[in-house]
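Q: The structure that follows is given in the form of structure tokens.
Each reported figure results from applying straightforward, stated rules to the coordinates on display, with no laboratory input. Please read all numbers here as calculations on a predicted model, not as lab measurements. Glycine also receives a Cβ, built like all others from the backbone with ideal geometry; neighbour counts cover every protein chain displayed.
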Amino acid sequence: MMESWSFLDTVESNFRPLVVIELAKGTKEETIEWFTKRIVDKKANGGAQLLIKPLVTENGVENIYLVGASHLRLLLGAETVGLVKECSDNSMRTFTYSSRKTFKHFADDNHNFLTMAECQYIIKHELENLRAKNEKMIPGYPQAKLYPGKSIVRRLLTSGILVQIFPLHDREELKKLSHSWYGRVKVGYQPLDDIRCYFGETIALYFGFLEYFTFALIPMAVIGIPYYMFAWEDYDKYVMFATFNLLWSTVILEVWKRICAILTYRWGTLLMKRQFEEPRPGFHGVLGINPVTGREEPVYSSIKRQLRIYLVSLPFVCLCLYFSLYVMMIYFDLEQWALDYHKENESNFSSLMLYVPSIIYAVVIEIMNRIYRYAAEFLTSWENHRLESSYQNHLILKVLVFNFLNCFASLFYIAFVLFDMKLLRQSLATLLITSQILNQFAESLLPYWLQKRYNRRMKKRMCSKKTDTDLSLAEQVNMEKEMGTYLGTFDDYLELFLQFGYVSLFSCVYPLAAVFAVLNNITEIYSDALKMCRVYKRPFAEPTANIGVWQLAFETMSVISVVTNCVLIGMSPEVDALFPDSKTDLVLTVALVEHLLLAIKFIMAFVIPDKPREIQTKLAKLEFESLEALKQQVTAFQMQLHFLSIHQ
């Protein structure tokens, strides 16, 4: 591949804009000249070897630049990032430029071999890996210090010189996707392959999981309705429902692994090698040599990182957890006040007042979760993790621990300290419904309304200037740069995780939770699709092979749900009446049932394979062929050495 870089031309007549770079107004010319030179400079000189052009508008040249790449550059970039494509024999293999002819649909004049999302991902990868070499500062800005190994894009962002980088929408493809995705209300599956081609694997996998989880909730909802209507106070009848819930939670998570493997194999990300993942843009350190890859990259002491985690981050998280518990106790004081007020007055108004503390507490929980999220992001970034995957795992762990305690601590307190099942049902229903309404409003309805207002103003301004209704490139860029930025699937998975907790943890107390979850998720599919296509800028594609640490989070929640449901059933008056003489026998029986159910869960998780047999066979075949190819290379090398030794 190294030989190919030298023949790479940085000039291409058919320039296709893929990514937009917006610089701050008043950015100095020497800074612009230096940055654009680094973008177009050759790889051997530390550049990205891409194409860049300024955006020309009616007002002249603004500080907005369009970035593209030649077809050859994108193909070489595809090899660098390790994209996996389908071969002519229908197998999936890592793309290499030297073997490009063996891949399906490849032709030298076929510029659609790589999807637009893949091209934008390659450009993002190259821009993020622009690192300072000998520069001590950003030209024109002495206060913006640089050192060898520092990410140039990251430094420009933190200095306020670079406003944003985002990929352009393809208006025609977006219109087609919108129509097939959410343009009409229908009962059917989402176009996951089309979503993947346009937005990338990470977002497509989220929508695949959302769709699968919604369908998986339907049996729970169907069974839960008659239990809610006809067996409200008969806890012994909930034993079968709770048992089904516990087995259901295990089966759906194991089956999802299989579906995920099928999807990601078809998309090529199941085979992508992630062990040599590039350092994340925010990672900083002294420039050194990676002992595995031999490449230059920043090096940072792991001891320093561990000290930051255990001496700063961990105490801060513990302090936040204490504050969350303090707020919870205030909520119980409000509950007691509302109950006393109702006993004194016993009116319709006092009956409504019984729900006010739970509603206020649900709103406070959402506010605290969002504030804590910003603090967790700052701390995790400050810890200076080398890999994006490591950064995400530490961030998710911090947020999950706080959100779990913040959302469920009050329910555990009501169930196992106050022993008030009526209040538990009321609080669970109020927290679930209120959180769903707030999330729908904050994540979809409000951003959509604001964006629609802005688009209406923009269209009026355009219509006053010209009669042509088609957007020019300049108008498209100016409209998209004002759109909101999609921050990733983190909040979406977190919402599903908390919903899974509400459904599974206390299922035997409030079986109607699954019904509200299904209704919410149906609207969530359409509202999330709408915000992806109409509200936010197009996000960069991110290859992924699974839902990552969220799989472990859901499995952990299902294990906790076994314990909570067994204890709740053991606390019911009907079960308690079976052991009138000895409470020790009751405790031992509940513990035995709980251990038996956990054993069944783990056996089922072991018995159900994570990958279908067909996928396992294909992966084994690829591994065998790779070993055979390696043997042939070693044999050929040995023969060359033998030939040279004979002729010396």
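Q: Can you give me the long-range amide H partners of residue 288? Hydrogens built in the peptide plane at 1.01 Å from N, cutoff under 5 Å, separation of 5 or more residues or another chain.
A: Correct list: 297, 299.
Q: Right, something else. Give the residue from 55, 138, 87 lying farthest towards the positive end of the charge dipole for the stretch 19-168; charges sit on Cβ (+1 for Lys and Arg, -1 for Asp and Glu) and the dipole is referred to the Cα centre.
A: 138
Q: Follow-up. Could you point to the label whose value was computed as Cα Rg over 2.2 N^0.38 Å for the structure here, given (1) 1.17; (2) 1.27; (3) 1.11?
A: It is the one labelled (3).
Q: Mind listing the long-range amide H neighbours of residue 137? Cut-off is under 5 Å, sequence gap 5 or more, other chains count too, H placed in the peptide plane at 1.01 Å from N.
A: So residue 137 has HN proximity to 146.
Q: Subtracting the Cα-Cα distance from 0.36 nm times the residue separation, let me have the gained length for residue 137 to residue 336 in nm, one decimal.
A: 65.5 nm
Q: Given a Förster distance of 22 angstrom, what is the FRET efficiency for residue 598 paired with residue 417, based on the Cβ-Cβ distance and rounded to 0.05?
A: Calculated value: 0.40.
Q: Here's something else I'd like to know. State, to one decimal in nm, how far the label point of residue 62 lies from the label point of residue 91, with both points 7 Å from Cα in the Cβ direction.
A: 5.0
Q: Could you tell me the distance between the Cα centroids of the stretch 103-173 and the stretch 584-603, to the nearest Å?
A: Taking the Cα centre of the stretch 584-603 as reference, the centre of the stretch 103-173 is 55 Å away.
Q: Taking 0.36 nm per residue of separation and subtracting the Cα-Cα distance, what length does fully extending residue 176 through residue 157 add?
A: 3.4 nm
Q: Per-residue ellipticity at 222 nm for the chain, helices alone: DSSP H runs ≥ 4 residues times -39500 (n - 2.57), over residue total, nearest 500 deg cm²/dmol?
A: It lands at -20500 deg cm²/dmol.
Q: Right, here's the next one. Counting Lys +1, Arg +1, Asp -1, Glu -1, what net charge surrounds residue 526 among other residues with beta carbon under 12 Å of its beta carbon?
A: +1
Q: Order 473-482, 318-327 from most to least packed using the mean count of other Cβ atoms within 10 Å.
A: 473-482, 318-327
Q: Let me ask another. Note down the relative contact order for the stretch 137-224 as a percent, whole number, built from C-alpha pairs under 8 angstrom at least six residues apart.
A: 13
Q: Report the local net charge at residue 301: Lys and Arg +1, Asp and Glu -1, summed over other residues whose C-beta lies under 13 Å from its C-beta.
A: Taking every other residue near residue 301 into account, the sum is +3.
Q: With labels modelled as points extended 7 Å from the Cα through the Cβ direction, what inter-label distance (nm, one decimal) is found for residue 363 paired with residue 616?
A: Going from the residue 363 label point to the residue 616 one covers 5.4 nm.
Q: A further question on this structure: Points 7 angstrom from Cα along the Cβ direction at residue 81 and residue 627: gap in nanometres?
A: 3.2
Q: What is the calculated FRET efficiency for residue 322 to residue 382, with r their C-beta to C-beta distance and R₀ = 25 Å, to the nearest 0.05?
A: 0.70
Q: Run down the lysines and flag those whose C-alpha is under 20 Å from the C-alpha of residue 601, throwing out any fewer than 8 positions away in its chain.
A: 257, 611
Q: Quick one: work out Rg over Rh on the C-alpha atoms of the stretch 19-168, Rh as Kirkwood radius.
A: 1.04
Q: Tell me which residues come under 5 Å, amide H to amide H, from residue 164 once H is placed; ignore anything under 5 positions away on its chain.
A: Result for residue 164 returns 22.
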